[in-house]
Amino acid sequence: MMLIDYSSLLYRAFHSLPESLAMRGVYGFLNMLARLVTDHRPAGLVIAVDDDWRPAFRVDALPSYKTHRVAADDAEEADPIAPQEALGREVLVALGLSVVGADGFEAEDVIATIAARTRGPVAIVSGDRDLFALVRDPDVRVLYPQTGVSKLSVVDEAEITRRYGIPGRAYGDFALLRGDPSDGLPGVRGIGEKTAAKLIAEHGSLDGIAQARNLAPAVAKKLEAGRDYLAAARRVVLPVADVPLPAISVTLPTAPADPKVLARLGKTHELDTPIQRVGQALGFPA
């Protein structure tokens, strides 16, 4: 089963292709999709979307969550990626692919829920490190883009340990301690990445740290000061794995769901070439 983080790949495509391509985000995403299907031949495929990029339950827990993006949205200049995101969804639906979102949740929550319900291997394609929290050997791994999707880092538990020096299943707790300023998550004040990794490596988890009696006094003081933050961040940082989702077909299509709409979108937005590449990868009739 392959689960694709739509916004993550669309954003990368938008910023990697020349501005002369009007719909470069969609163009690049479709090329990535064709490459993924060709290279990995998944038995099932779901494209997860953000139906809410800043869910109320996360903002209620931690008001600083993604506040910088709110400021950007309030600026006079319109978001150039938004219309591409909407167009891309139209193309994917016309192709017959499963595009799945949930009101009040982000794509990471959709991915976590489908991964939890899936029996057998799951490959998550995303450039969002938050999804490392879902890695579970031998079934769930993240394919992290390095150069588009032609070069992907396979992130399993061993890779998490190699990168961060922590147990492979402890990334979520590590991320809580460290924080992520790009998402408005400050982390525990005074506990940087190195200290967070050391604490998780020594005690295994946040619960293990909380039960430890041999912490350095300065560290214990910082953790005590950050107790309320950690409680709130648990509800913000970790993907939700029990999102209510509609019935989903994960079967790859053998023909477009709506050939007329697909042809119109391809012609209108100069997407014929990447659409054809996806069709070829899926084995559509010529």
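The values are calculated or read from the model by the stated rules, or taken from the named source; none is laboratory data. Treat the numbers as computed from the prediction; the structure is a model and nothing was measured. Heads up, the Cβs are rebuilt from the backbone with ideal geometry, glycines too, and the neighbour counts pull from every protein chain shown.
Remarks
- Considering (1) surrounded by 15 or more Cβ atoms within 10 Å (Cβ to Cβ); (2) in the same structural domain as Arg35 (by TED's automatic domain parsing); (3) part of a helix (DSSP H, G or I), the lone condition that Lys260 does not fulfil carries the number (1).
- Verdict on Ala61 being over 19 Å from Leu262 (Cβ atoms), in the same structural domain as Gln84 (by TED's automatic domain parsing), touching a residue at least 40 places away in the same chain (Cβ under 8 Å) and more than 20 Å from the chain's Cα centre (by Cα): yes
- Selection of helices (runs of 4 or more DSSP H) fully inside region 188-254 by the criterion of at least 3 residues being closer than 18 Å to Leu62 by Cα and in contact with a strand residue (DSSP E or B) (Cβ under 9 Å, 6 or more places away or on another chain) returns 227-237.
- Restricting Leu21, Leu3 to residues that are of a type outside the set (Ser, Thr, Tyr) and under 20 Å from Ser153 (Cβ atoms) narrows the list to Leu3.
- Cβ pairs under 8 Å, 6+ apart, first in region 102-121 and under 17 Å from Leu143 (Cα atoms) and touching a residue at least 40 places away in the same chain (Cβ under 8 Å), second assigned to a helix (DSSP H, G or I) and charged (D, E, K, R): Glu108/Asp130
- Checking each residue in region 263-286 for being among the aliphatic types (A, V, I, L, M) and in a helix (DSSP H, G or I) picks out Ala263, Leu265, Ile275, Val278, Ala281, Leu282.
- Region 169-180 - residue that is of a type in the set (Gly, Ala, Ser) and in a helix (DSSP H, G or I) and, of those, farthest from Ile4 (Cα to Cα): Ala175
A quick yes/no check of all residues on (1) under 26 Å from Ala116 (Cβ atoms); (2) surrounded by fewer than 21 Cβ atoms within 10 Å (Cβ to Cβ):
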residue	(1), (2)
Asp5	yes, no
Ala13	no, no
Glu19	no, yes
Tyr27	no, no
Leu30	no, no
Arg35	no, yes
Thr38	no, yes
Arg41	yes, yes
Val46	yes, no
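- For region 126-183, a tally of residues being more than 14 Å from the chain's Cα centre (by Cα) and among the aromatic types (Phe, Trp, Tyr) returns 3.
- Within region 1-41, the set of residues being outside any helix (DSSP H, G or I), in contact with a helix residue (DSSP H, G or I) (Cβ under 8 Å, 6 or more places away or on another chain) and in contact (Cβ under 8 Å) with a residue 60 or more places away in the chain comprises Met1, Met2, Leu3, Ile4, Asp5, Leu21, Met23.
- Candidates Arg235, Arg277: the one that is within 17 Å of Ile47 (Cβ to Cβ) and under 27 Å from the mean Cα position of the chain (by Cα) is Arg277.
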